[in-house]
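**Student:** Take a look at the following structure, please.
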Amino acid sequence: MTEKSELIARAQEVMRRNDRGHYTVPTHGLYPFQWNWDSALSALGFSHFDEARAWTEIDTLFAHQWEDGMVPHIIFHEQDDGYFPGPEVWATGRETPTTGITQPPVAGFAMHRLFERAKDKTLAEKHARALLPRVHAWHEWFFRCRDPQGTGLVAVIHPWETGRDNSVDWDAAFERVPTDGVQPFTRRDTQHANPAHRPTDEQYKRYIYLVQLFRSLGWDNSKLHDASPFQMVDPGFNAILARSCHDLADQADTLDEPAIAARSRAFATKATAAMDTLWSDVHGQHLCLDRTTNTLTDSPSIGGILTVFAPIHSTRARALKERIETLSTSCEYLVPSHDPTTPEFDGLRYWRGPVWLIVNYMIADGLERAGQTEMAERIMADCLRLIHESGFAEYYDPITAEGCGGGHFTWTAAMVIEILRTHEVMA
Ligand code: DGY
């Protein structure tokens, strides 16, 4: 067995271990249900050794789509007391319980990639045809419910929607989220992972305040955006949406669905143009917009670099490559989730510094599309170096390579398979 095939075998083993048949859990213990963007990205890993299983992962996710088009961030397929907040806290009233918020809409990109590379084209067409209107309905939901003013960019109303739960980006806005009236609770995440790698108790109180507020509004998406004290336009989140709309348009062309193609292309074009309003010359990257105050947040995080995943102009892509080059002078492994030269940086704590392979993968993909192949390869090589140092962790310290959070992580393994199967990258 070569070193490469041995690594792929180990990654497949991680994925199989977390496979629950029709969905995968991110990792045993810490995350015992199906998470939205974890599933979409994990499907890419499955596609290299079991195409049917890859489609099932996305099908299961969309089987739990809400009637209004929203695709929830967690689907609670089984009872598990090891996680907080569980279904009883969300109380969304779904037959199979789900949360009431969403997550980065990477499924449109993932299904298109699955389709493009499929060896079994008949199977791929069957699944893509069924998924196309569903993914499109989700995108329509975003622009209807999370961009009520028609700006072209959507807001998230809870940090968990971004996936970057405790990013420095939310610190100032979170000051305005109260904690009064929050019912007492016991965290479970800190029993599975080192508390120093996780969000703080203070942040958890605010996460739960928002859940309680939305619950009190009956999870009615026509009310939640305006009612939320937290409305954040995250450039990375919007880049994922723009890229998925762009790819869904191509997918719709292939499947001869011109109405979906035209609408998706219009969404992608408008979002990509609007994203330029988030550009900061000072930081050489995009920034978040706090919609409640209409100000850009002065926080140079990876959200504003992930924008290269969207079909942005090549001059912006080049500038983002230069920004990553600058970051590389203050860390050993690319790409840190927050700038290591800032006082807020914490190399171990979740999204306040650590490297995440899924974000690296999307950044590398965007750089490659924009012709910045050298940096794309460097980032992918850093992913493999991290795996060699610390195994299939949830995230990694960008300076020491220490593996953090949960272990045996599904999407980390999926990204390793994806990188090794599609590129000649050496660690
Ligand atoms: C968690 O529980 O840590 C998740 O990030 C929420 O989705």
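The values are calculated or read from the model by the stated rules, or taken from the named source; none is laboratory data. Being a predicted model, the structure only gives us computed values, none of them experimental. Glycine gets a Cβ as well: all are built from the backbone with ideal geometry, and neighbour counts include every protein chain shown. Only protein heavy atoms, including side chains, enter the accessible area calculation; ligands, DNA and RNA are left aside. Shrake-Rupley method; radii C 1.70, N 1.55, O 1.52, S 1.80 Å.
**Student:** Which residue, of LEU327, LEU357, LEU320, is touching a residue at least 24 places away in the same chain (Cβ under 8 Å) and farther than 17 Å from ASP38 by Cα?
**Tutor:** One residue alone meets the criteria, LEU320.
**Student:** Hey, could you check segment 165-176 for residues that are under 22 Å from ARG215 (Cα atoms) and within 16 Å of the ligand (Cβ to nearest atom) and say which is surrounded by the most Cβ atoms within 10 Å (Cβ to Cβ)?
**Tutor:** Once the filter is applied, the top-ranked residue is TRP170.
**Student:** Is it true that ALA414 is of a type in the set (Gly, Ala, Ser) and under 18 Å from ALA43 (Cβ atoms)?
**Tutor:** Spelling it out, ALA414 is indeed of a type in the set (Gly, Ala, Ser) and under 18 Å from ALA43 (Cβ atoms).
**Student:** Would a scan of segment 56-75 turn up a residue that is within 16 Å of the ligand (Cβ to nearest atom) and out of contact with any helix residue (DSSP H, G or I) (no Cβ under 9 Å at 6 or more places or on another chain)?
**Tutor:** Checked segment 56-75: at least one residue is within 16 Å of the ligand (Cβ to nearest atom) and out of contact with any helix residue (DSSP H, G or I) (no Cβ under 9 Å at 6 or more places or on another chain).
**Student:** Any residue at all in segment 203-211 that's assigned to a helix (DSSP H, G or I), modelled with pLDDT of 95 or more, within 16 Å of the ligand (Cβ to nearest atom) and farther than 30 Å from HIS139 by Cβ?
**Tutor:** Yes.
**Student:** Conditions: (1) part of a helix (DSSP H, G or I); (2) crowded, with 18+ Cβ neighbours inside 10 Å. TRP219 meets all but one. Number of the miss?
**Tutor:** (1)
**Student:** Scan segment 102-120 and report the pairs whose first residue is without any contact (Cβ under 8 Å) to a residue 24 or more places away in the chain and whose second residue is buried (at least 24 other Cβ atoms within 10 Å of the Cβ) and not aromatic (Phe, Trp, Tyr), with Cβ atoms within less than 9 Å and a gap of 6+ or a chain change.
**Tutor:** Matching pairs, first to second residue: GLU116/GLN251.
**Student:** When the residues of segment 34-50 are narrowed to those that are over 16 Å from the mean Cα position of the chain (by Cα) and in contact (Cβ under 8 Å) with a residue 40 or more places away in the chain, which ends up surrounded by the fewest Cβ atoms within 10 Å (Cβ to Cβ)?
**Tutor:** Checked segment 34-50; the qualifying residue surrounded by the fewest Cβ atoms within 10 Å (Cβ to Cβ) is PHE49.
**Student:** If you don't mind, there's one more thing I want to ask. Taking interchain pairs and intrachain pairs at least six residues apart, which have beta carbon atoms under 7 angstrom, with the first residue in segment 199-210 and within 12 Å of PHE185 (Cα to Cα) and the second among the basic types (Lys, Arg)?
**Tutor:** These pairs meet every condition: TYR204/ARG187.
**Student:** I would also like to ask the following. For segment 84-105, give me each residue that is buried (at least 20 other Cβ atoms within 10 Å of the Cβ) and closer than 30 Å to PHE309 by Cβ.
**Tutor:** Once the filter is applied, which keeps residues that are buried (at least 20 other Cβ atoms within 10 Å of the Cβ) and closer than 30 Å to PHE309 by Cβ, segment 84-105 yields TRP90, THR98, THR99, GLY100, ILE101, THR102, GLN103, PRO104, PRO105.
**Student:** Give the residues of segment 126-152 that are free of Cβ contacts under 8 Å to residues at least 60 places away in the same chain, part of a loop (DSSP other than H, G, I, E, B) and open to solvent by 30 Å² or more (accessible area, probe 1.4 Å), sorted by residue number.
**Tutor:** If the condition is that a residue be free of Cβ contacts under 8 Å to residues at least 60 places away in the same chain, part of a loop (DSSP other than H, G, I, E, B) and open to solvent by 30 Å² or more (accessible area, probe 1.4 Å), then GLN149, GLY150 are the ones that fit.
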